[in-house]
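A short worksheet on the structure shown next.
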Amino acid sequence: MAKAKEFTVTIADKPGALGKCFLALAERGVNILAFQSYVEAGESLARFMVDDTASAKAVLGGLRMIFEETDVAVVRLAHRPGQLGRAAARLGEKGINIDYSYCGMEPGSTLMLLVFGVDSLTKAVTALDELAAEAA
């Protein structure tokens, strides 16, 4: 999987708001594979990948949340020292700028998911696919 969809959701910056969103997804059986959250300009933003994008869209829409869906570059690599550095360096070697990144894990797997928001998705997907093939 070198290309995937992520959600970026604007959540109220108040206690319990992130939990309410993520519990609503869980109630519909949506599993969050990777995420990051941060506060910017008085709003909490959460970026995350899920195992069921259609259900996640339905849940977020039902909660009347402001969200967008974006394509990101993703690579699965062994969870050991240096892997994140190698992935980031590979993108740099190809002239690809990383706008943001985060990681997670897939259920039942020992591989980590590295997620990159980049300025050139097609080039990033190719570079990360090559890296994953070399690591296999």
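Tabulated values for the structure
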{"item": "Scope the stretch 96-125; condition under 11 Å from Val75 (Cβ atoms) and more than 12 Å from the chain's Cα centre (by Cα); matching residues", "result": "Leu111, Ala124, Val125"}
{"item": "Residue under evaluation Leu60, criteria (1) surrounded by 19 or more Cβ atoms within 10 Å (Cβ to Cβ); (2) under 23 Å from Ala87 (Cβ atoms), criterion not met", "result": "(2)"}
{"item": "Residue ID - surrounded by the fewest Cβ atoms within 10 Å (Cβ to Cβ), chosen from residues in the stretch 1-28 that are touching a helix residue (DSSP H, G or I) at 6+ places or on another chain (Cβ under 7 Å) and under 28 Å from Val75 (Cβ atoms)", "result": "Arg28"}
{"item": "Condition met for Asp129 (within 17 Å of the chain's Cα centre (by Cα), under 18 Å from Lys3 (Cα atoms) and assigned to a helix (DSSP H, G or I))", "result": "yes"}
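Residues checked against (1) farther than 16 Å from Ala2 by Cβ; (2) outside the structural domain of Leu18 (by TED's automatic domain parsing); (3) of a type in the set (Lys, Arg):
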| position | (1), (2), (3) |
| --- | --- |
| Gly62 | yes, no, no |
| Gly82 | yes, yes, no |
| Cys103 | no, yes, no |
| Gly108 | yes, yes, no |
| Leu111 | no, yes, no |
| Ser120 | no, yes, no |
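The values are calculated or read from the model by the stated rules, or taken from the named source; none is laboratory data. Please read all numbers here as calculations on a predicted model, not as lab measurements. Glycine also receives a Cβ, built like all others from the backbone with ideal geometry; neighbour counts cover every protein chain displayed.
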